[in-house]
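Values in this text are rule-based calculations from the coordinates and carry no lab data. Remember, it's a predicted structure, so these values are computed and weren't measured experimentally. Cβ atoms come from the backbone with ideal geometry, glycine included; neighbour counts cover every protein chain shown.
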Amino acid sequence: MWDGPTGELTYSGLRVVELGHGTQGEIVGKLLADEGAEVIKVEPPGGVPGRRVGPFANDDPTNPDGSLHFWSYNTGKQSVVVDPDDHATRDALIASADVLITTDGPAELAHSGLDLEEIGERHPGLVLLSISPFGLTGPWRDWRTSDLVGLAAGGPLMSCGYDDHEIPPIRPGGNQGFQIAASFGHSGLLLALLERQATGLGQLVDVSMHEAIAVSGELANPYWFYPRVLLQRQTCRHAQPSPTQPALFECADGVSVYFALILSDARTWTTLVEWLDTLGLALDLGEEKYLALSCRQENFGYIQNIMESFFLMQDSTTVYEEAQRRGLPLGPVFAPEELFENVHLQERDFFVEVELPTGGDALFPASPYRFSYGNGRPGTPPRLGEHSASVLAEVGGGARG
């Protein structure tokens, strides 16, 4: 599966057939493709639904190769167009694969003529990864989902939002539900591949997006399982059983920073007071009584006013760097587009140029992990059907398992 330690750690030689059009499956395929796996994306005539999701290059929604959404989740893959009724061609692709990725529930799989257990029996060396909305069994197995539905049904959405609980919960951005499911799917797949290295046998990995999200509720689960209390969502800070103090402060340049003001240990509080004193704003906060957390909580309004003035006297860059120098957990609220200029990400070569299927190139995020033996990188997203002729000519032969 990989070439190290003398070569680069990759998935070179691993063939993945991606039948699932759900974003959670596309993410797993992308992670594999970016590290060298041959990922064959099977698409119907006209392309998968993601090709019709904007924004679009040149604002042209009619171009199936111009969806930025599609590009994001399909770097480095090969696109093969197969008619949904052409089961023979699809079966030949599956027979040539090491890994099969699907994202449908049992009813949709059956409608497509796919029986995962039967496929596994026919190809004992094949690892089948199913990342379906609710898993392959259970009363909800054929229900539909989306990122928002997944976060709502799984619980995390109830912890996301504002102090004003008359406002409904707020969906976090970035397809977090799909990302969580993909993370569990990727981990499960790698474990199955390691098992296959030892035994030569593949297996069916049944990942439920609902279950993956349900175990990702941060503090909500332990608070409910043990003291039996519910969390309260709070603006830009962790949900807690009772309201905590605001943690966003605006700086002189208009940029907000996040800083958990009521700090639990006395040493950190003392460090903050010393910093306040450099601008003459420590006032009486150095008194011994403030070393007690209870005192700081009782006098939070007073402390809050001092801190608001303190941050408004400095720009966010100065505040961020000085806080980190002093060992205080503080960070600015960056807009996504500002990350391209982030010196830390630049130093780590996080953004890399990728050639686009429409011509030219653009910056894409690299893999979120680094390997001692070398790293892969995202490749050009495929044009619709770009690899049909070459791949289908090659898979006329036999299976890998």
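Counting only residues 5 or more places away or on other chains, whose amide H sits under 5 Å from the amide H of residue 205 once H atoms are built in the peptide plane? Under 5 Å from the amide H of residue 205 lie the amide H atoms of 128, 129, 130, each far enough along the sequence or on another chain. Residue by residue, segment 321-331 carries 3J(HN,Hα) couplings of 5, 5, 4, 5, 4, 8, x, 9, x, 9, x Hz when phi is fed to the Karplus relation 6.51 cos²θ - 1.76 cosθ + 1.60 (θ = phi - 60°); x denotes Gly or Pro.
Can you match volume of the Cα convex hull per residue in Å³ to one of these, (i) 153; (ii) 190; (iii) 128, based on a calculation from the structure here? Entry (ii). Bridging of residue 77 to aspartates and glutamates at a Cα separation below 15 Å is possible for 18, 26, 34, 35, 38, 43, 65, 355, 386, once same-chain residues fewer than 8 apart are set aside. Take each peptide in 231-243, 78-90, count the other Cβ atoms within 10 Å of every residue, and average; sorted highest first, the result is 78-90, 231-243.
Around the Cα centre of the chain, unit charges on the Cβ atoms of Lys, Arg, Asp and Glu (plus for the first two, minus for the last two) sum to a dipole of about 780 debye. Each Lys and Arg contributes +1 and each Asp and Glu -1, all at the Cβ; summed about the Cα centre of segment 83-195, the dipole is approximately 260 debye. Distance from the alpha carbon centroid of segment 138-203 to that of segment 95-128 works out to 21 angstrom. Residue 253 sits among other residues whose Cβ lies under 14 Å from its own Cβ, and their net charge, with Lys and Arg +1 and Asp and Glu -1, is -4. Taking the DSSP beta bridges with both ends in the chain, the antiparallel portion is around 40 percent. Projecting the Cα atoms of 336, 162, 248 onto the dipole axis of the chain, where Lys and Arg carry +1 and Asp and Glu carry -1 at the beta carbon, places 162 farthest toward the positive end.
For residue 382, neighbours were defined as the other residues whose beta-carbon sits under 10 Å from its Cβ, and their charges (Lys and Arg +1, Asp and Glu -1) total 0. Estimated purely from DSSP H runs of n ≥ 4, each contributing -39500 (n - 2.57), the mean residue ellipticity at 222 nm for the chain is -9500 deg cm²/dmol once divided by its residues. The distance between label points at residue 297 and residue 62 comes to 6.4 nm (points 7 Å beyond Cα on the Cα→Cβ vector).
For the pair segment 327-395 and segment 244-275, the centres of their Cα atoms are 34 angstrom apart. Taking 0.36 nm per residue of separation and subtracting the Cα-Cα distance, full extension of the segment from residue 218 to residue 256 would add 11.2 nm.
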